[in-house]
């Protein structure tokens, strides 16, 4: 399914979903539980089918994301040898050995510096990277890394960047398996399985209404499109961990909640900001003279889970030093803000030149140094506006967490914390699905309207690029996307402050 066809289909699906959400508010549907449940299950199915583009999957019609799996399967399986800097150099050497006539790409990203350099300049690194392998391991690597044909553009992507903990978990699956068609299907199935487990947990803990809202937000959301990481390998585990954390909090399984959040943090780092509203909630409990036993249990679970994952990461093949390598790599990687970033700062840090796509290198989609520099300069010039917006959003979040009647609501408010402090790639915007746990029907409706506008915006940008008014891959899409997501967040925070909160059904249990 092409991106144009996807946009059209998704807008139609969003219209159908909005009609369904509207019907749920009508007395005839609200009071007839059998009829209401049938409609809710239909919305769940609509969201699930929307996630896989109604069977269209990727733009080439395949369900697998070989490009992404190459990074995460090869990167984890050979993590002891490749680390964070060797995957492209080693793969190019393997291609050259397989085909002596193979010419190095014109440009390659040097993962030591994160800069795109002439392909010939990395040839000197090949002997050093090859020396990290035994002959047996090199033979295995060459067979894996050259099994699939992948365009040379892959070598100007941003490499393999998971934490050592996530690398160790990935290696449980990749360490002894080759990178072939059957294993690609296995790896892709893992995220589907995890999302299905999350769906069952949401249904059992929060109920069908919230499951329907969550399915629609994930399946029809612009940032959670299958295009990005659908059919990849363990790319949704952090999101499932956050959902499990919210469910455990709702059921007062505090240690389990802490462990689940520790997993998300140790595997993706930025979920650490989800802790902040929980700290505010605990402070409010203490202020009102309530016991902090649950908060202590959560802290013990989080600390224990974090320590265990730190040790697990140290056993991924590069020792404890891998965590320092990961931290250094994270700083380098996050310093290069791409045009598909989302976050509070994006609307205030995007220049007209970036909107027009003037800063895009026409020979590659992944050279973002000029965009990153422009983003930083524009952000500095609008620092006062960014600070004011952050203060407003954080103030609303703190008040929500302070007044929350349950820790799950306070936890969900952490979505605003992430959005304020980080500028992740858009596909991490799937964490907005957590908002469905509070005031689900209204939140889903507002989110879907915003998502429809995102698809319309993308279509307008594509049309303008065809007629030469702008160049694709600037910030013309993700500035309005970030603005619309900010509007959804503000709506959610204000609606919760007005008293419209979720109540976990007492009749539903794990």
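Each reported figure results from applying straightforward, stated rules to the coordinates on display, with no laboratory input. Just so it is clear, the structure is predicted and the values come from calculations on it, not from any experiment. Every residue, glycine as well, gets a Cβ built from its backbone with ideal geometry; the counts of neighbours run over all protein chains shown.
Miscellaneous remarks
- According to the Kirkwood relation over distinct C-alpha pairs, the hydrodynamic radius of segment 15-109 is 18.0 Å.
- Value of Rg to Rh for segment 222-317 (Rh from inverse mean 1/r over Cα pairs, i.e. Kirkwood): 1.05
- For segment 7-41 versus segment 95-132, the gap between their alpha-carbon centres in whole angstrom: 54 Å
- Secondary-structure-derived ellipticity at 222 nm for the chain, considering helices only, amounts to -19500 deg cm²/dmol, per-run term -39500 (n - 2.57) for DSSP H runs with n ≥ 4.
- Ordering of 24-31, 143-150 by burial proxy (mean other Cβ atoms within 10 Å per residue, highest first): 143-150, 24-31
- Diffusion of segment 65-167 by Stokes-Einstein, at 10 °C in a medium of 1.306 mPa s and with Rh set to the Kirkwood radius over alpha-carbon pairs, works out to 117 µm²/s.
- Three-way shape label, segment 401-485, alpha-carbon gyration tensor, a/c 1.5: prolate
- Principal-axis tilt of helix 164-174 within the chain, Cα atoms, nearest 10 degrees: 80 degrees
- Whole-Å distance, taken between Cα centres, linking segment 240-293 and segment 350-394: 33 Å
- Global geometry of segment 99-139, whether rounded, prolate or oblate, following the gyration tensor of its Cα atoms and the 1.5 cut on a/c: oblate
- Pairs of Cα atoms farther than 30 Å apart, segment 1-159, %: 43 percent
- Cα gyration tensor category, rounded, prolate or oblate, for the chain with a/c compared to 1.5: prolate
- Peptide ranges 399-410, 228-239, 313-324 listed from the most packed, as the mean C-beta count within 10 angstrom indicates: 228-239, 399-410, 313-324
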